1. Has segment 20-42 got at least one residue that is over 30 Å from Arg97 (Cα atoms) and either out of contact with any His (no Cβ under 9 Å at 6 or more places or on another chain) or not small (Gly, Ala, Ser) (or both)?
2. Identify the single condition in (1) open to solvent by less than 40 Å² (accessible area, probe 1.4 Å); (2) under 17 Å from the mean Cα position of the chain (by Cα) that Thr99 does not satisfy, given that it satisfies every other one.
3. Within segment 46-96, count every residue that is surrounded by 18 or more Cβ atoms within 10 Å (Cβ to Cβ), within 22 Å of Ile132 (Cα to Cα) and charged (D, E, K, R).
4. Can you find a residue in segment 136-148 that is free of Cβ contacts under 8 Å to residues at least 60 places away in the same chain, surrounded by 15 or more Cβ atoms within 10 Å (Cβ to Cβ) and assigned to a helix (DSSP H, G or I)?
5. Of the numbered conditions (1) exposed (fewer than 13 other Cβ atoms within 10 Å of the Cβ); (2) modelled with pLDDT of 95 or more; (3) under 30 Å from Arg18 (Cα atoms), Phe162 satisfies every one except a single condition; which is it?
6. Just name the residue that is most open to solvent (accessible area, probe 1.4 Å) out of those in segment 114-130 that are assigned to a helix (DSSP H, G or I) and more than 17 Å from Leu47 (Cα to Cα).
7. Within the set of pairs 6 or more residues apart or between chains, which connect a residue that is closer than 8 Å to Ala111 by Cβ and at pLDDT 95 or above inside segment 66-85 to a residue that is among the polar types (S, T, N, Q) and open to solvent by 10 Å² or more (accessible area, probe 1.4 Å) with Cβ atoms less than 6 Å apart?
Amino acid sequence: MDEAEQTHRAEAEAEAERIQQEVEAATADPAAEEEWIRQSNLIYGGLAAAGLVVVQPFLTSAPLDLSAKICVIAFAVSIPLLAALLVLNRQEAFRHRVTRSRLVAVAKAIAQGSAFVGIAAAFWHISLVAGIVFVLVAVFAVGVHSSGYMQLEYDGKFRSRFRRRT
């Protein structure tokens, strides 16, 4: 490596360290943690309620086609996990901090992922086209949320931190 590359690398590592410190400071903000807890309550409660409503018609119908079985199984996974996460969120709100447990992080991913699969399968049960549209629009919605979040949480300096290499 020549001297210019070493200098550039050292600058990049220092910048990465500074950004990491900013991220850690932001995640340690009690107000941000309380907002994450409120948003999580909304997400978990909404998904659990949606699951209960969507699964209800399948309780009395038999036999179930493939999409209906996928829907019911996905919600059988997600509803108990979502309920546990809602109760945990109450404890987090009481303690004014969020848990850093890996098991909880895995449960969050499984609960939200299986609820998404359950809703997609429910739309698929109604119509294959509706299922496909739901998945495509959901992907777009994640992009909309991410874009809005970035605009709200990071000022114009954020992008300037990542200069293009020439």
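1. Scanning segment 20-42, I find no residue that is over 30 Å from Arg97 (Cα atoms) and either out of contact with any His (no Cβ under 9 Å at 6 or more places or on another chain) or not small (Gly, Ala, Ser) (or both), so the answer is no.
2. With respect to (1) open to solvent by less than 40 Å² (accessible area, probe 1.4 Å); (2) under 17 Å from the mean Cα position of the chain (by Cα), Thr99 is out only on (1).
3. 0
4. No: segment 136-148 contains no residue that is free of Cβ contacts under 8 Å to residues at least 60 places away in the same chain, surrounded by 15 or more Cβ atoms within 10 Å (Cβ to Cβ) and assigned to a helix (DSSP H, G or I).
5. (2)
6. Ile126
7. Val77/Ser114; Ser78/Ser114
The values are calculated or read from the model by the stated rules, or taken from the named source; none is laboratory data. Fair warning: this is a prediction, and the values are worked out from it, not measured in the lab. Quick reminder, even Gly has a Cβ in these numbers, built from the backbone with ideal geometry, and neighbours come from all protein chains shown. What goes into the accessible areas is simple: the full protein's heavy atoms, side chains included, and nothing from ligands, DNA or RNA. Shrake-Rupley method; radii C 1.70, N 1.55, O 1.52, S 1.80 Å.
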